[in-house]
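Structure first, then comments.
Computed from the coordinates by the stated procedures, all read-outs in this text should not be read as laboratory data. A quick note: this is a predicted structure, and the numbers were derived from the prediction, not measured. Note that we place each Cβ from the backbone using ideal geometry, even for glycine, and neighbour counts take in every protein chain shown.
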Amino acid sequence: MNNRRISLIVSGSGVSVFPCLGDCRRVFGDGESSNIYRYRDGEKRLCFDVLLTTIFHSLSATSEWNDGFVLPPGSPVKGGLFLPSALVLSDSGISKAGAGSDIAAVCAHVLELDLSFNQLSDWDEIGTIVSSIPHLDFLNLSMNPLSGVQLKPSMADVFSRVRRLVLINTQVSWDTVHTLTQHTPELKELFLCLNGFNTVSESPAPCPSLRLLQITDNQLQDWSEVRKFGLLYPSLSTLVLANNSVDSVSDSKRTLEGLFPNLRSINLNNSGLSAWTDIEKLNFFPKLEEVKAKGIPLLQSYSTQERRSLLLAQLPSVMFLNGSMVSEGEREDAERFFIRFYQDCPAQELSDRYHILVSKYGQLAPLAEVDLRPRCTTVNVRCGDRVETVDLRLEQTVGDLTKQLRALLQLQTNGIRMIYVSQEMSSVFGPEELKGNSRALHSYNIQDGDEILVIPKSKSRCNSSGL
């Protein structure tokens, strides 16, 4: 038996949804079914059961469909055929459910159902469809007109198996959202984009199963509304707030730790954040490892590289920033950049993060503007009692220099530390370790007469013989 997971995609308006199944006369006959009717706008509307039954019978006559897609013995579907596990019936003019028994007869194996861009405006009709699909896991109702339509709690139990629910641009109310989440004990993902929300209403019961909430392109502005998500969805691990006007993160460390104890990813793209203190507060989410913060007012005055470096330096636990993985080398470069960027500011303006990084790296010499054309400088390389004068090509990297000095000093160990001592600046900033194999030497502003101390990481000693 062929166990491929397949999907069926049908899109269009009214009876024109069947171009791949032959002309409309072959599908519906010469006359219109009583389950297809016209609204005042002249568009035809379908019952969901009629649409499925017609698709099913048309596919039953297709040899390509019959080949390999069968049910086990005892299947309720005639001939052992079934509709695929994923049905996309968007923009099909559906406004009614029809007979639940007809839906159940062909949907025994349906797991995912996309009913977006239809005309469903009654939760009772939606409930009939859902209750007739016993294994439904994913339901997309986006772009259906559900404004002002309330879901009765007595009907909500039929959604209990749904784990992923998409309600984009339905204008659904918070009361209905809460009714749904209270009756979907396994709900993992909820999409509430483009619903015009400017507040978040509280619910008498939280939804502890929810892991992902995407609520982009709404009108949320005050953090006092956003914080309610922590109470509503205590297990939330991903919060997508992009394209809202959230202008601050105003809670204390203790409060944020308690509100979002499991949050691992937050998307604040195109939000209204305008203060570095709001970025710093993201560190109070104890499990946060991914942040997206593009297009915020705070970063408008910085270059692209400055934005990333300044963000990264203030988010020490973040592993992914704006969609890109953060390497150890990039993090160190960003933290060093942060120190140099702010070191000339008045002491009272320096943040706690600045002092933490200075305690980690020490005071750093400012990076001078460097002519990047290949050039050399002469330095003294000291290893134990041995001193060698070496010409360095400043376009080479720290990794290149490591190999060069290990060969020059005939060290048997692969691991060495290299400490750079500037004649002019060491009395002010102290020595600086050369780290990061991909970093170019010219970025350290090495000058003639400066010194590099080589320290083997094992007990191997420098060979005292000459070159």
Partners for LYS152 among aspartates and glutamates (Cα-Cα distance below 17 Å; same-chain residues under 8 apart left out): ASP122, ASP124, GLU125, ASP175
Filter on LYS253/LYS287; LYS403/LYS435; LYS188/LYS281; LYS228/LYS294; LYS188/LYS294 - keep pairs with C-alpha separation over 22 Å: LYS188/LYS281; LYS228/LYS294; LYS188/LYS294
Karplus-derived HN-Hα couplings along region 90-106 (A = 6.51, B = -1.76, C = 1.60, θ = phi - 60°), whole Hz, x at Gly and Pro: 6, 6, 10, x, 7, 10, 10, 7, x, 7, x, 5, 5, 5, 4, 5, 10
Positive dipole terminus of region 224-277, leading residue within ALA275, PRO261, VAL240 (C-beta point charges): PRO261
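Taking the Cβ of LEU310 as the centre, find all other residues whose Cβ is under 11 Å away and add up their charges (Lys, Arg: +1; Asp, Glu: -1). Walk me through the numbers on the way to the answer.
Working: positive: ARG307, ARG308, ARG353; negative: GLU306, GLU335.
Net local charge, LEU310 excluded: +1.
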Those GluC sites (Glu not before Pro) in region 216-325 that DSSP places in a loop and that have at most 12 other beta carbons within 10 Å: none
For region 115-239, size of Cβ-based charge dipole, Lys and Arg +1, Asp and Glu -1, in debye: 320
Cα-based reach from LYS360 at 19 Å (exclusive), listing aspartates and glutamates while leaving out same-chain residues under 8 positions away: GLU280, GLU328, GLU330, GLU332, ASP333, GLU335, ASP344, ASP352, GLU432, GLU433
3J(HN,Hα) from dihedral phi, region 308-321, Karplus parametrisation 6.51/-1.76/1.60, rounded to Hz, x for glycine, proline: 5, 5, 5, 5, 4, 5, 9, 10, x, 9, 6, 9, 10, 10
Computed P(r) (all Cα pairs; region 337-437; 10 Å bins; percent): 12, 38, 32, 15, 3
Gyration tensor verdict on region 83-203 (Cα atoms; rounded if a/c is under 1.5, prolate if a/b is larger than b/c, oblate otherwise): prolate
Hz values of 3J(HN,Hα) by residue in region 212-220 - Karplus curve (6.51, -1.76, 1.60), Gly and Pro given as x: 10, 10, 10, 9, 6, 6, 10, 10, 6
